[in-house]
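The values are calculated or read from the model by the stated rules, or taken from the named source; none is laboratory data. Because the structure is a prediction, the values reported are computed rather than measured. As a convention, Cβ positions derive from the backbone with ideal geometry for all residues, glycine included, and neighbour counts pool all protein chains shown. All accessible areas refer to the heavy atoms of the entire protein, side chains included, with ligands and DNA or RNA removed. Shrake-Rupley method; radii C 1.70, N 1.55, O 1.52, S 1.80 Å.
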Amino acid sequence: MKNLPKHVAIIMDGNGRWAKARGKIRTEGHFQGVKNVRNIAIYANELGIECLTLYAFSTENWKRPEDEVNYLMALPKFFFESYIKELMAKDIRIKMIGEMAAIPENARKIFMDAIKKTANNRGMILNFALNYGSHQEIVRAARKYADDVLSHKRQNDLDENGFADYLYTKDLPPLDLMIRTSGEKRLSNFLLYQSAYSEMVFTDILWPDFDRDVFDLCLKQYEQRDRRFGGLNEDKNN
């Protein structure tokens, strides 16, 4: 495939609706959804995508019923116990963005163990956004910058490139493609700063049904986009 994005982000939406359509409880949808994380991550790595960022749990998701939140926080244990050997064999590196302090200790430890175990891998970065909210991230970045100025670690000379160094994503490639499943057409507080010039694809497919063929269709849409970043593409007479 030509013009492959280096960094793809996915808002994995529709697990609950997938379960409801089949007469199942919502947690069954989440279970199928986390199994599909493995499928898409392995395929993205095979394609040569450098980074795949998945919106796993937002800062707003704490508003959901307690039993559902507890179930979601238990899924990392299933995921890594089931797939860490395969991820290691594929040379995939685990990263995580978000406010880690509020994540239950068991889930946090599981993620930290996976991050440590895969730290020397050189394949695709599989980046989980957990307890992540873009508003929170931007406020955090502003505070960290202000602290650096007040403590004389740097001058009050911030520019766009410098601000990006205070974001969770500072060590990741720029975001090229944002995908949202389930038919919703909003970003829901996900990578707002990073997505300023990313391409966006919205699909009606629910996340548990988002397979390689659907992913290919999204990538083909990206391939056909004319990315000008506010300028002109003279070759296309735009």
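As an exercise: evaluate Asp159 against (1) over 13 Å from the mean Cα position of the chain (by Cα); (2) in contact (Cβ under 8 Å) with a residue 24 or more places away in the chain and give the number of the one condition it does not meet.
Looking at each condition in turn, Asp159 falls short on (2).
Of all residues in the stretch 149-162, which are at pLDDT 95 or above and assigned to a helix (DSSP H, G or I)?
Hits for the stretch 149-162 are Val149, Leu150.
Looking at Lys35 and the list (1) of a type outside the set (Gly, Ala, Ser); (2) within 19 Å of Ile205 (Cα to Cα); (3) crowded, with 16+ Cβ neighbours inside 10 Å; (4) in contact with a Ser or Thr (Cβ under 9 Å, 6 or more places away or on another chain), which single condition is not satisfied?
Result: Lys35 fails condition (3) only.
Among the numbered criteria (1) closer than 16 Å to Asn45 by Cα; (2) touching a strand residue (DSSP E or B) at 6+ places or on another chain (Cβ under 7 Å), which single criterion is violated by Met96?
Among (1) closer than 16 Å to Asn45 by Cα; (2) touching a strand residue (DSSP E or B) at 6+ places or on another chain (Cβ under 7 Å), the lone unmet condition for Met96 is (1).
The rows are residues; the columns are (1) among the basic types (Lys, Arg); (2) open to solvent by 20 Å² or more (accessible area, probe 1.4 Å); (3) farther than 16 Å from Ala142 by Cβ.
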residue	(1), (2), (3)
Asn156	no, yes, no
Ala164	no, yes, no
Lys170	yes, yes, no
Pro174	no, yes, yes
Leu177	no, no, yes
Ser198	no, no, yes
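Of (1) surrounded by fewer than 20 Cβ atoms within 10 Å (Cβ to Cβ); (2) more than 26 Å from Gly162 (Cβ to Cβ), Val139 satisfies all except one. Which?
Against the list (1) surrounded by fewer than 20 Cβ atoms within 10 Å (Cβ to Cβ); (2) more than 26 Å from Gly162 (Cβ to Cβ), Val139 comes up short only on (2).
So which of Met100, Met96, Met12, Met1 is under 30 Å from Arg225 (Cβ atoms) and at pLDDT below 95? Write out each step before concluding.
Working: Met100 fails: under 30 Å from Arg225 (Cβ atoms); Met96 fails: at pLDDT below 95; Met12 fails: at pLDDT below 95.
Of Met100, Met96, Met12, Met1, the one residue that is under 30 Å from Arg225 (Cβ atoms) and at pLDDT below 95 is Met1.
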